[in-house]
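The values are calculated or read from the model by the stated rules, or taken from the named source; none is laboratory data. Since this is a predicted model, take the numbers as computed values, not measurements. Virtual Cβ from ideal backbone geometry, glycine too; neighbours counted across all protein chains shown. Side chains included, ligands, DNA and RNA excluded: accessible areas come from the protein's heavy atoms. Shrake-Rupley method; radii C 1.70, N 1.55, O 1.52, S 1.80 Å.
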Amino acid sequence: MGKSTAKSAKSAKSAKSSTPKTKDVSRKRPEFTPAKIDALVAQLIDANALNNLVALLEMWQTHVPSVLAQGGDDEATARHLVGGLFKSFNHLIRENRMALPKHKYDEKKAVAVKWLNKQYSTFIDNLLSVVQQSNHAPSLTVDACDVLMQLVKAETEAHYTEAFFAEKPLRRVRQAVLASENPAVVAWFAEEYLSPYFDLRFYWFHNLAPEITEAMFDNYLVLVEHLRELKDQQFAEKQLPSRVVPEKFRAHFQEATLAVLTLPKLTHAHYQRIMANLHKRIIPHMHQPHQLMDFLTHCYHQGGDLPLLTLSSLWELMKHHNLEYPDFYTKLYALLTPEMMASTYRPRFMRLCELFLSSTHLSAQLVASFIKRLARLTLTAPVPATVAVVPFVYNLLKAHPTVMVMIHRPEGGADEFNAEETNPLKTGAISSSVWELEALTSHYHPHVATLARIYSEPFRKLRYNMEDFYDWDYSQLVQQEQRKRYKAAAALEFEERGVFGAGNYLEDWVA
Amino acid sequence: MAGSQLKSLKAALAKEGLIGAQKKKKSSDKRRSDTEKVIRGIRDEYNRFDQNVNRTKRDVSVIAGGQFVKEGSDQHNDVSRRKGAIQRTLKSQYELERKQKGKQGGLIDRRFGEKHKGLSEEERMLERYRRERAKEAKKRVFSLESDDEGADDDEGFILTHAGKPLAVDDDDDNIPLKHPNEEDMVEAAPTKRKSKREVMNEIIAKSKFYKKQRQDAHAQQQEEIMDLDDEFEDVMDAVRESQPAKPQFSSKSEEDIAYDQRVRELTYDRRAAPADATETEEEIKKKEEERWKKLVAAREARMTARDAEGDDLDDYWHQSSDDEEGEEIDGEKGEDGDDEDGEGSGRFSRKPLAVAMPSSLKDFPEENVGEFIGQVAKAYAPHLAEGNKQLMDNFVALLFEYTVAHPQHAEVTIPQLRKLASKYNEELVTRVRNEINTIRDHLLSGDVSGADIFYFVAIGLIFSTSDHYHLVVTPAVIMINEYLASLTKESSLAQVYIGVALVDIYLQYQRLSKRYSPEVVRFMALALSRLVPEPSKVDGSESTESNLGAKPPKKPVTAPLSLSALPKGDVDLRYPVLLKLIKQVGQITDLWRDLGVLLDIGDALGPWVNHTAKYYAGANPEVASTATMVGKLTEAARRDRKPLTLQYHRAIAIPTYAPAFDENFNPNKHYDNNVHRAELNKLRHTLKKERKQTLKDIRQEQKFIAGEKIKETKQFYDDYHKKMSNIINSIQTTEGREKNEYDRERKRRKQG
């Protein structure tokens, strides 16, 4: 198979270049119907009419490129053709007609086998090109993937050694899939093949690292996003060849992933994408997750929203892989910025903050610093963020009663809070009060104002369920308002005021 | 049983542990009733003759004392004895009561309704009077001596047939009646005083007589008139001949004819209604003031009514339970003001004005829009024709659209719209709310027009913006703030311009309620950093590329800020916008001066204002004064800042629980840790039990009394019959004897 790769590539090229010519031919051979294809395939299988392969492949070259380019009605017939060809080759492989004879003297047979292999590689090339470029005929692409994998399976099973896996054809499939223009196909492939079949997954990531290029980045991440996690136990349940072990798979996976991470020309968006998946989709598959330490630490020290995204992965490493991170809370404190409050990653960050601050062993100074900082941020924060901060601080106060002095300090005292201090243990926030949260009781949003009054009431509620408060945005708030029904007449203004001009509604404006 | 009876009694008592040295302390927890039972048992044992045992032939079980017992057994006897005792007690009590009945004094108020609380004084009196009358009437029914008076007094009650009193037998009406007096005169003898009935008959007869007379006279008159009419023509001919001919047509002048016409019209005109008493200027002023006060108070209430809508707070934030049916809002009930002046005259002028209901914005005239709106409202008042309500609803919605699209006419349209909004509130509110999504799309896509901004202005002018919650205003405020929050350091001058306009509108919305908006503060700082010259001197930012007013211009360009013409780049509006921003900073520090965070706001915005003052204080003194004011207010806030004391409330006890370690714990029994509650429940239980028992007793007593009464009645009748039969017997005996005597006497006489 490997020998024929180069040739098949050539033939694929020639097929493309000869398309205009074959169109002329197609006029002579108008029949491109399922019935015709069925007839040819039946003839081939029953009567050993190998020359029918030529007819079928010619059909392909005549009709399939246009289907790929535009889609259309012929797609069903094209799918039929793919099925027919697969049936034929599958038959040949299973009959062992494609292997070279053992005896050198059987030259006639050897010629036939070579010819068959040539046809076969043409077919494979055609399929790969379908996988790689089709945006118009998704079902045809899916069929092509299916057929390719079936052929890999057939080749694997036809081989005389038990532990053999047809890696070479798989590698070509891999390249085609990773270079595919349609991410939906990649996602489908990951869910349909890579997730359930462990051996396939194993060979898929085997020696993948050297082949990784920037062009594959997106598809690789799509693949990773759709890869289900596998447990060692599941590995053991399946009866797999002795070569396929989870550790090795993880090592291969790690190798490939690190290759992706070390690609030289990754943009900010790329990093965002990686970080979004790192803790859930990548770290569990890795052999030695601590190899990510430097990468993560570096990202954590970057500006922008990258540190927010890095947090969950870092937490994963700290929790399960013994990463020691001394300045964690200082860094976390530094992340509380006005930009963060407006960021789309705010809910995620707040969730993590809740997790990090849930320990009751934290010092009151530290908790007070976080509370004060959050309160400061609500002075300029958008409503969705404010909505989350109010119950968040409530929960913190409830969990750390020593910090209650921030909302109730009858004996008085000087405010020694230093907003510039970066170390949360030294800000002196505990000597301050959260006037900012008190101001929220006169917030323009009626529900936020009512919510903010919890601080002046007895702390009866055990804690707020924060999930109700994290994921708000303006559109949801407006929708919530719109859902309300008209019941009684809306109150009207009764003061008569002019519109434009001095002393009127819009003083400094003209119409 | 050996020994004397006393000895054996002692032994029996000692055996039960009732006398002698008490061996065990345990006896103390024996209950008193148990002891009594034992003693009774012993006593029974020694009084054998007191026990009567009913021996029965057959083994019969009866229910006694709530359980099956064998008839004749000790238990049964016990129960029946107890029953007998109860019966005896009841009997004696009953006897006693009967004996005392009517012998013990006391005053019973039998006046009607004296104890009836539901009756008023008049009702009570009326009813008493009625009863009294009824009683009297009843009395007189059989009164023999005054039967005539009765007929008179029963308020003209007489038996009639076919509307005629039965007593009068005038079967022939055609015969002219004689004058009753004549008849009287004939009979003439004033023998006796006339009865009431006779008087009445007389009156009726008289009235009939006079009626007949009247009718006759009338008929005669009619006849005469007819005769005269017949002769009229002749008379007229004579008259015509004698008089000169009159002009055929009326000689009245035009004026007179018009006058007559007017008079005739007035005849059919509506009668002039009496006008309300003319009010003096002062009265009118006072009334107006009162109305104003009322409105202000209502507004105040709405502004602070936090719980009006905040009860379901947790549900509000809990999104997962999205019930699609929506929430209902308790709004202020619309004041149905007397805005009828527009249609009052329309009621009887009945002439539809020649205005067409506009169906689109193009149908509005160029000039005199206010007049046009008034005319439409008058012509299509809902009471004038069916379907007008619908038309007016649409019109009000259209008018809002028109107002938003033509800010230049706002001075005229807004008051009209406000007036109509009180009547067609729902349609207007619905339309304004439907618009929200469109406006929001415009704001977020950056394709904002003057109309979009004026939408918010119109809302502010029409609706009450100070409410804690308002169906229209609340979403509008959220949208304003969403726009302000969406601006970034890269935003254009046009966006900042729109932001400034929205902040102005927001500040007008909150001029009374003074609600805080973080988005506004953020926007102010952002916009100032974009517009002031050399911002790096304030915040130390290195990059001045994004700054819009990088260099202070020598002579700042002033241009009016226009709502409809948003800056497109041809006019340099940086300076006026900056001035406006500075003014707004002054406004917000003033507006939020009572907030605890004024210090932080001042610290954030003050430096920008001071910085601006350095460049433009000369050109515009207002900048300098704003800077001073902000500085002063901030310093005052710094001085007055006190630590928060939000938790001043009664200390709340922590509920604690201590185990009781009860050895005889019974899991089926209900234990109550709350002593008070337990006692209360116990008492309640006792009360219930006692009430039941009392009711049972009362029933038993009543039953007994009823039985006794029946017995007594029976006895009474028996006695009566006995007495009667005795009398009859004795009479018969006497009679018999007398008869015999008589017979014998007769016989004797015959013989003799």
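Yes or no, residue by residue, for (1) open to solvent by 10 Å² or more (accessible area, probe 1.4 Å); (2) of a type in the set (D, E, K, R); (3) modelled with pLDDT under 85; (4) in contact with a strand residue (DSSP E or B) (Cβ under 7 Å, 6 or more places away or on another chain):
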{"site": "A:K102", "(1), (2), (3), (4)": "yes, yes, yes, no"}
{"site": "A:E107", "(1), (2), (3), (4)": "yes, yes, yes, no"}
{"site": "A:S129", "(1), (2), (3), (4)": "yes, no, yes, no"}
{"site": "A:L140", "(1), (2), (3), (4)": "no, no, yes, no"}
{"site": "A:C145", "(1), (2), (3), (4)": "no, no, yes, no"}
{"site": "A:E181", "(1), (2), (3), (4)": "yes, yes, yes, no"}
{"site": "A:V185", "(1), (2), (3), (4)": "no, no, yes, no"}
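When restricted to residues that are in contact with a Leu (Cβ under 9 Å, 6 or more places away or on another chain), in contact (Cβ under 8 Å) with a residue 24 or more places away in the chain and not in a loop (DSSP other than H, G, I, E, B), the range B:464-504 contains 20.
Restricted to the range B:595-628, and to residues that are among the hydroxyl-bearing types (S, T, Y) and open to solvent by 30 Å² or more (accessible area, probe 1.4 Å), which residue is nearest to the other protein chains (Cβ to nearest Cβ)?
As a first pass, look at the range B:595-628 and keep what is among the hydroxyl-bearing types (S, T, Y): B:612, B:615-616, B:625-626, B:628.
Right, trim to open to solvent by 30 Å² or more (accessible area, probe 1.4 Å) and you get B:615, B:625, B:628.
Working: B:Y615: 20, B:S625: 16, B:T628: 21 Å.
Among those that are among the hydroxyl-bearing types (S, T, Y) and open to solvent by 30 Å² or more (accessible area, probe 1.4 Å), it is B:S625.
May I ask you to list the residues in the range B:562-583 that are modelled with pLDDT of 75 or more, within 10 Å of chain A (Cβ to nearest Cβ) and either closer than 30 Å to A:A439 by Cα or open to solvent by 10 Å² or more (accessible area, probe 1.4 Å) (or both)? Passing the criteria: B:S562, B:P576, B:L579, B:K580, B:K583. If you go through the range A:443-453 one residue at a time, do you hit one that is within 14 Å of B:Y316 (Cα to Cα), of a type in the set (S, T, N, Q) and surrounded by 20 or more Cβ atoms within 10 Å (Cβ to Cβ)? So far as the range A:443-453 goes, yes, one or more of its residues are within 14 Å of B:Y316 (Cα to Cα), of a type in the set (S, T, N, Q) and surrounded by 20 or more Cβ atoms within 10 Å (Cβ to Cβ).
Can you find even one residue in the range B:435-442 that is part of a helix (DSSP H, G or I), within 9 Å of chain A (Cβ to nearest Cβ) and open to solvent by 10 Å² or more (accessible area, probe 1.4 Å)?
Going residue by residue through the range B:435-442, those that are part of a helix (DSSP H, G or I) are B:435-442.
Cutting the leftovers down to within 9 Å of chain A (Cβ to nearest Cβ) gives us B:436-437, B:440.
Narrowing the set further to residues that are open to solvent by 10 Å² or more (accessible area, probe 1.4 Å) leaves B:437, B:440.
Yes, some residue in the range B:435-442 is part of a helix (DSSP H, G or I), within 9 Å of chain A (Cβ to nearest Cβ) and open to solvent by 10 Å² or more (accessible area, probe 1.4 Å).
So in the range A:442-462, with the set limited to residues that are within 12 Å of B:R515 (Cα to Cα) and assigned to a helix (DSSP H, G or I), which one is farthest from the other protein chains (Cβ to nearest Cβ)? Give the derivation first.
Narrowing the range A:442-462 to residues within 12 Å of B:R515 (Cα to Cα): A:442-446, A:448-449.
Subsequent filtering for residues that are assigned to a helix (DSSP H, G or I) retains A:442, A:446, A:448-449.
Working: A:S442: 5, A:P446: 5, A:V448: 10, A:A449: 7 Å.
Among those that are within 12 Å of B:R515 (Cα to Cα) and assigned to a helix (DSSP H, G or I), it is A:V448.
No other residue among A:L314, A:L309, A:L296 is closer than 24 Å to A:A334 by Cβ and under 18 Å from the mean Cα position of the chain (by Cα) apart from A:L309. Against the criterion of being crowded, with 18+ Cβ neighbours inside 10 Å, more than 37 Å from the chain's Cα centre (by Cα), at negative phi and not in a helix (DSSP H, G or I), B:V457 does not qualify.
Looking across the range B:395-417, the residues that are in contact with a Pro (Cβ under 9 Å, 6 or more places away or on another chain) and either of a type outside the set (S, T, Y) or in a loop (DSSP other than H, G, I, E, B) (or both) come down to B:F395, B:L398, B:L399.
Candidates A:Y505, A:Y474, A:Y486: the one that is open to solvent by 50 Å² or more (accessible area, probe 1.4 Å), more than 15 Å from A:V393 (Cα to Cα) and facing chain B (nearest Cβ under 7 Å) is A:Y486.
Per-residue answers, yes or no, for (1) over 30 Å from B:A381 (Cα atoms); (2) at pLDDT 90 or above; (3) at the interface with chain A (Cβ under 7 Å from one of its Cβ atoms); (4) crowded, with 24+ Cβ neighbours inside 10 Å:
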position: B:P415; (1), (2), (3), (4): no, no, yes, no
position: B:K419; (1), (2), (3), (4): no, no, no, no
position: B:E426; (1), (2), (3), (4): no, no, yes, no
position: B:N481; (1), (2), (3), (4): yes, yes, yes, yes
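Cβ-Cβ contacts under 9 Å between residues 6 or more apart (or on different chains), taken from a first residue in the range A:276-287 that is closer than 18 Å to A:L308 by Cα and of a type in the set (S, T, N, Q) to a second residue that is part of a helix (DSSP H, G or I) and open to solvent by 10 Å² or more (accessible area, probe 1.4 Å), are listed as A:N277/A:E225. Among the residues making up the range A:322-341, those that are over 26 Å from A:P401 (Cβ atoms) and either open to solvent by 60 Å² or more (accessible area, probe 1.4 Å) or more than 28 Å from the chain's Cα centre (by Cα) (or both) are A:N322, A:E324, A:P326, A:D327, A:A334, A:P338, A:E339. Within the range B:489-508, the set of residues being within 13 Å of another protein chain (Cβ to nearest Cβ) and in contact with a Pro (Cβ under 8 Å, 6 or more places away or on another chain) comprises just one member, B:Y497.
What residue, of B:A258, B:A273, is more than 14 Å from chain A (Cβ to nearest Cβ), more than 30 Å from B:F463 (Cα to Cα) and not in a helix (DSSP H, G or I)?
On the way: B:A258 fails: not in a helix (DSSP H, G or I).
Criteria check complete, one pass: B:A273.
Filtering the range B:273-289 to residues that are more than 21 Å from B:S466 (Cβ to Cβ), of a type outside the set (K, R) and open to solvent by 100 Å² or more (accessible area, probe 1.4 Å) leaves B:P274, B:D276, B:T278, B:E281, B:E282. Based on what the data block shows, is A:E481 more than 7 Å from chain B (Cβ to nearest Cβ) and without any contact (Cβ under 8 Å) to a residue 24 or more places away in the chain? No; evaluated as a whole, the condition is false for this residue. Evaluation of B:V448 against the conditions (1) of a type in the set (V, I, T); (2) surrounded by 19 or more Cβ atoms within 10 Å (Cβ to Cβ); (3) part of a helix (DSSP H, G or I) shows that the sole unmet condition is (3).
When A:D305, A:D294 are screened for being acidic (D, E) and surrounded by fewer than 17 Cβ atoms within 10 Å (Cβ to Cβ), only A:D294 passes.
Does at least one position in the range B:387-407 carry a residue that is at pLDDT below 85, open to solvent by less than 70 Å² (accessible area, probe 1.4 Å), under 13 Å from B:V369 (Cβ atoms) and at the interface with chain A (Cβ under 10 Å from one of its Cβ atoms)?
yes
Among residues of the range B:62-78 being at negative phi and within 60 Å of the chain's Cα centre (by Cα), the one that is most open to solvent (accessible area, probe 1.4 Å) is B:F68.
State which residue pairs qualify: first residue of a type in the set (D, E, K, R) and inside the range B:404-415, second residue in a helix (DSSP H, G or I) and open to solvent by less than 40 Å² (accessible area, probe 1.4 Å) in any location, beta carbons under 9 Å apart, and separation of 6 or more residues or different chains. As it stands, the answer is B:E411/B:G370, since those pairs meet every condition given. Are any residues in the range A:410-441 surrounded by 19 or more Cβ atoms within 10 Å (Cβ to Cβ) and part of a helix (DSSP H, G or I), and if so, which ones? The answer is A:A429, A:I430, A:W435, A:E436, A:L437, A:E438, A:A439, A:L440, A:T441.
Is there a residue in the range B:42-61 that is within 60 Å of the chain's Cα centre (by Cα), open to solvent by 80 Å² or more (accessible area, probe 1.4 Å) and over 21 Å from B:L6 (Cβ atoms)?
Keep residues of the range B:42-61 that are within 60 Å of the chain's Cα centre (by Cα), which gives none.
No, that holds for no residue.
For the criterion of being in a helix (DSSP H, G or I), within 30 Å of B:E95 (Cβ to Cβ) and either open to solvent by 100 Å² or more (accessible area, probe 1.4 Å) or aromatic (F, W, Y) (or both), B:K711 passes.
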